[in-house]
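Enquirer: Before we start, here is the structure in question, set down as structure tokens.
The values are calculated or read from the model by the stated rules, or taken from the named source; none is laboratory data. In this text, all values refer to a predicted model and were calculated from it rather than measured experimentally. Backbone-built Cβ (ideal geometry, glycine too); neighbour counts: all protein chains shown. Note: areas computed on protein heavy atoms with side chains; ligands, DNA, RNA excluded. Shrake-Rupley method; radii C 1.70, N 1.55, O 1.52, S 1.80 Å.
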Amino acid sequence: MASDDNKRQETIMSRNLELFERAKTTIPGGVNSPVRAFGSVGGTPRFVKKASGPYFWDADDKRYIDYIGSWGPAILGHAHPEVIAAVQRAAEGGLSFGAPTEAEVEFAEVLCSMLPSLEHVRLVSSGTEATMSAIRLARGFTGRDTIVKFEGCYHGHSDSLLVKAGSGLLTFGTPSSGGVPADFTRHTLVLEYNNVAQLEETFARLGDSIACVIVEPFAGNMNLIRPSDAFVKALRTLTEKSGTVLIYDEVMTGFRVGLQCAQGLHGITPDLTTLGKVIGGGMPMAAFGGRKDIMNCIAPLGSVYQAGTLSGNPVAVAAGLTTLRLLREPGFHETLTARTRRLADGLTELGKQAGVALSADSVGGMFGLYFTPEVPTCFAEVTASDRDHFNRFFHAMLEEGVYLAPSAYEAGFVSIAHTDAIIDETLAAAKRALAKG
Ligand code: KE4
């Protein structure tokens with residue numbers, strides 16, 4: 001006979017499960033983006049009913065402390081009243097015009113004022129669009145075809161980026177997704193993140209034929225992985241020397257790791273930068289920009305075509321402008337960074353106390369949690385972590401009302417609404433979750 005609590009638990013699962021089963025009848029896998037399906041951790045996705053500040057409530061009104069925040073955008077916490085009000089005001093004037101507006105000019109000016117490397121910027125609607133366009137632009141500007149990315153980094157789902165490392169040390173990639181012709185990835189070189197020697201060898205042999213290097217300046221799609229100082233320096237030095245465009249993909253790190261993004265922390269000026277997530281505050285908004293001489297190649301000025309029906313639409317711009325204004329308030333990033341670091345250090349300490357091989361790291365408002373004794377430095381080390389233990393921990397935390405990224409290979413995100421008390425509550429939950437083994 002199921003106890004009342006088990007019955008309640010089953011009832012809770014039945015509402016999310018019911019929605020998941022229903023979703024699968026019309027949406028592939030029941031989700032509109034694969035990672036949401038809990039494929040990596042198993043179990044039933046939680047269907048969000050509403051969200052506010054650091055919390056969301058699922059279809060059965062169970063509250064969770066949310067450490068995804070829409071995979072980064074919700075840096076202010078969900079449904080910030082000033083963002084909601086700005087979106088409502090903008091919407092009352094019309095949702096989208098397919099014509100320029102003053103608001104998007106102001107938004108471009110704000111982005112260029114906040115990020116010195118942006119001399120010109122073009123607004124788009126997703127990170128995928130931003131990176132796809134930046135790569136096409138780099139190829140058009142240099143007249144070269146070869147591009148370099150790093151294993152474990154994700155830059156959206158455009159064809160030439162859905163590629164896995166070739167078999168040999170410097171062999172070109174092969175498609176990592178169905179539906180991508182081998183021809184579409186044969187110009188893509190996949191190297192190892194933080195492998196300076198391999199990067200140097202690649203440029204020694206192929207430098208003059210490489211159009212661009214695209215890199216996550218702090219990787220967040222193979223969990224959080226920091227670049228070494230030597231790697232950061234080599235990326236800039238080698239690309240500068242060979243006339244290769246250095247693209248900092250800051251879709252995730254942009255205004256998340258600091259007010260001047262990862263490039264500000266690195267002291268590096270990339271040639272192009274892609275942005276997304278935070279700059280839209282949860283609305284479909286992304287951007288690519290950088291050196292004017294490169295941006296002058298984009299249509300209608302130059303031959304590199306790029307376009308978008310909803311690019312720069314006033315509602316997304318209103319959310320972005322308000323978000324960027326609020327995160328510029330004095331002390332915002334210092335507070336966010338300190339709280340995120342307290343979470344990471346607290347998790348590391350709990351792992352030690354529980355005798356578990358667990359480590360954690362953080363940069364600004366993003367963190368990594370690894371079931372490995374040491375913080376990993378590359379994709380191979382991340383994949384060596386104890387994924388089964390992570391999955392048990394993930395579900396134990398879900399039961400505790402804490403929502404982590406549903407994959408051992410994703411970073412987590414803290415918002416300014418995650419107070420010290422909420423970090424403490426999370427650590428107390430983690431202690432109980434670790435005790436379950
Ligand atoms: P979108 O097309 O999903 O807006 O952005 C693609 C993208 C580009 N560059 C970086 C560094 C990114 O992290 C992303 C998207 N990040 C994932 C999170 N791992 C989005 C979540 C999802 O795919 O549902």
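Enquirer: Of Ala165, Ala108, Ala130, Ala182, which residue is away from the ligand (no atom under 16 Å from the Cβ) and either of a type in the set (Asp, Glu) or under 30 Å from Ala86 (Cα atoms) (or both)?
Expert: On inspection, the qualifying residue turns out to be Ala108.
Enquirer: Identify, from the list Ala421, Ala430, the residue that is part of a helix (DSSP H, G or I), among the small types (Gly, Ala, Ser), buried (at least 23 other Cβ atoms within 10 Å of the Cβ) and away from the ligand (no atom under 16 Å from the Cβ).
Expert: Ala430
Enquirer: Among the numbered criteria (1) outside any strand (DSSP E or B); (2) at pLDDT 95 or above; (3) out of contact with any Asp or Glu (no Cβ under 6 Å at 6 or more places or on another chain); (4) closer than 27 Å to Leu246 by Cα, which single criterion is violated by Ser362?
Expert: Checking Ser362 against (1) outside any strand (DSSP E or B); (2) at pLDDT 95 or above; (3) out of contact with any Asp or Glu (no Cβ under 6 Å at 6 or more places or on another chain); (4) closer than 27 Å to Leu246 by Cα, the one that fails is (1).
Enquirer: Can I ask one more? Looking at Ala344, Ala338, can you tell me which residue is among the small types (Gly, Ala, Ser), assigned to a helix (DSSP H, G or I), open to solvent by 20 Å² or more (accessible area, probe 1.4 Å) and not assigned by TED's automatic domain parsing to the domain that holds Val105?
Expert: After applying the criteria, what remains is Ala338.
Enquirer: Can you tell me which residues in region 32-50 are within 16 Å of the ligand (Cβ to nearest atom), small (Gly, Ala, Ser) and either in contact with a helix residue (DSSP H, G or I) (Cβ under 7 Å, 6 or more places away or on another chain) or within 23 Å of Leu76 (Cβ to Cβ) (or both)? Before you say what the answer is, go through the steps one by one.
Expert: Narrowing region 32-50 to residues within 16 Å of the ligand (Cβ to nearest atom): 32-41, 45-48.
Now restrict to residues that are small (Gly, Ala, Ser): 33, 37, 39-40.
Ser33, Ala37 - these are the residues of region 32-50 that are within 16 Å of the ligand (Cβ to nearest atom), small (Gly, Ala, Ser) and either in contact with a helix residue (DSSP H, G or I) (Cβ under 7 Å, 6 or more places away or on another chain) or within 23 Å of Leu76 (Cβ to Cβ) (or both).
Enquirer: Let me ask something additional. Yes or no: Phe379 crowded, with 18+ Cβ neighbours inside 10 Å and closer than 30 Å to Met114 by Cα?
Expert: Criteria not met by Phe379.
Enquirer: If we scan region 90-103, do we find a residue that is closer than 23 Å to Phe413 by Cβ and away from the ligand (no atom under 16 Å from the Cβ)?
Expert: Quick first cut of region 90-103, residues closer than 23 Å to Phe413 by Cβ only: none.
Within region 90-103, none of the residues are closer than 23 Å to Phe413 by Cβ and away from the ligand (no atom under 16 Å from the Cβ).
Enquirer: Tell me whether region 390-409 contains one or more residues that are part of a loop (DSSP other than H, G, I, E, B), under 28 Å from Val48 (Cα atoms) and polar (S, T, N, Q).
Expert: yes
Enquirer: Report yes if some residue within region 221-231 is outside the structural domain of Pro376 (by TED's automatic domain parsing), touching a His at 6+ places or on another chain (Cβ under 9 Å) and either modelled with pLDDT under 95 or not in a helix (DSSP H, G or I) (or both); otherwise report no.
Expert: Yes, the conditions are met somewhere in region 221-231.
Enquirer: Do we have Gly173 as buried (at least 21 other Cβ atoms within 10 Å of the Cβ) and either more than 24 Å from the chain's Cα centre (by Cα) or more than 14 Å from the ligand (Cβ to nearest atom) (or both) here?
Expert: On the way: buried (at least 21 other Cβ atoms within 10 Å of the Cβ): yes; either more than 24 Å from the chain's Cα centre (by Cα) or more than 14 Å from the ligand (Cβ to nearest atom) (or both): yes.
Yes; evaluated as a whole, the condition is true for this residue.
Enquirer: Testing Thr146 on (1) within 16 Å of the ligand (Cβ to nearest atom); (2) in contact with a His (Cβ under 7 Å, 6 or more places away or on another chain), one condition comes back false. Which one is that?
Expert: The number of the failed condition is (1).
Enquirer: So is Arg46 crowded, with 20+ Cβ neighbours inside 10 Å and farther than 24 Å from Met285 by Cβ or not?
Expert: Yes: the conditions hold for Arg46.
Enquirer: Turning to a different aspect of this structure: Pull up region 192-241, narrow it to residues that are closer than 22 Å to Leu137 by Cα and within 16 Å of the ligand (Cβ to nearest atom), then point me to the one that is nearest to the chain's Cα centre (by Cα).
Expert: Glu216
Enquirer: Within region 405-417, can you find the residues that are touching a Ser or Thr at 6+ places or on another chain (Cβ under 8 Å) and either over 24 Å from Thr44 (Cα atoms) or among the acidic types (Asp, Glu) (or both)?
Expert: If the condition is that a residue be touching a Ser or Thr at 6+ places or on another chain (Cβ under 8 Å) and either over 24 Å from Thr44 (Cα atoms) or among the acidic types (Asp, Glu) (or both), then Ile416 is the only one that fits.
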